[in-house]
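Okay, so here's the structure we're looking at.
Bear in mind these aren't lab numbers, they're just calculated from the coordinates by the rules spelled out. Quick caveat: nothing in here was measured; it's all calculated off a predicted structure. Neighbour counts are summed over all protein chains in view; Cβ atoms, including those assigned to glycine, are modelled from backbone coordinates with ideal geometry.
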Amino acid sequence: MDGQVEVSFTVLCDNDFNKEITLAELLKSEKVLKAIKSDFCEGARNLEIHSKSDEVKISINSQKQEHSHVIEKDDIQDILELTEEYAKSQKLLKGACSRIELKNFSTLEA
């Protein structure tokens with residue numbers, strides 16, 4: 001199989017943050033309510049803040065930089081191993097950041 005594949009990935013660390021909360025939980029926080037009122041309701045008094053749908057979920061995640069590299073199509077079965085080797089060679093994997101997550105891969109046109 002001729003050609004190449006571009007592989008996108010991120011580096012995963014042990015201390016990465018990943019939390020999902022509902023809008024209802026967020027609006028229970030006095031600090032959040034105060035921030036909303038000061039940013040969006042300046043000068044208004046006796047305000048009540050609520051949502052029609054309290055089940056809306058908000059995700060809070062560590063921001064990740066996406067990296068990419070190119071492999072030969074013949075090597076597609078070893079995509080994870082080759083990407084880990086690439087990340088090590090670029091010194092992206094160190095300390096608590098010792099894993100990768102494949103994000104996308106696409107065929108490059110010749």
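Computed from backbone phi with θ = phi - 60° and the Karplus coefficients 6.51, -1.76 and 1.60, the 3J(HN,Hα) list for region 10-26 is 10, 9, 9, 10, 5, 9, 4, 9, 8, 9, 10, 10, 8, 4, 4, 4, 4 Hz; x is used for glycine and proline. Remark: spin-label model distance A24-L102 equals 3.9 nm, labels positioned 7 Å along the Cα→Cβ axis.
A cut-off of 5 Å between modelled amide H atoms, ignoring neighbours fewer than 5 places along the same chain, links I100 with L12. Counting only DSSP H runs of at least 4 residues, each contributing -39500 (n - 2.57), and dividing by the residue count of the chain, the helix-based mean residue ellipticity at 222 nm comes to -7000 deg cm²/dmol. When +1 charges are put on Lys and Arg Cβ atoms and -1 charges on Asp and Glu Cβ atoms, the dipole computed for the chain relative to its Cα centre reaches about 900 debye. If a spin label sat at a point 7 angstrom from the Cα of K64 along the line to its beta carbon, the backbone N atoms of region 7-30 nearer than 12 Å would be those of 8-14, 16-18.
Amide hydrogen proximity for K64: with H placed 1.01 Å from N in the peptide plane, no residue at 5 or more positions away or on another chain lies under 5 Å. Going 7 Å from the Cα of K57 along its beta-carbon direction, which residues of region 1-45 have the amide nitrogen within less than 15 Å of the resulting point? Only 18-26 fall inside the zone, counting backbone N under 15 Å. Match the structure shown to one of the listed values (1) 6.3; (2) 11.3; (3) 7.5 of mean projected area of the Cα convex hull in nm², computed from it, and give that label. It is the value labelled (2). Dipole size of region 18-61 about its Cα centre, with +1 on Lys/Arg Cβ and -1 on Asp/Glu Cβ: approximately 100 debye, rounded to the nearest 20.
Dimensions of region 18-61 from C-alpha coordinates, computed as largest minus smallest value along each principal axis and given longest first, are 35, 21, 14 Å.
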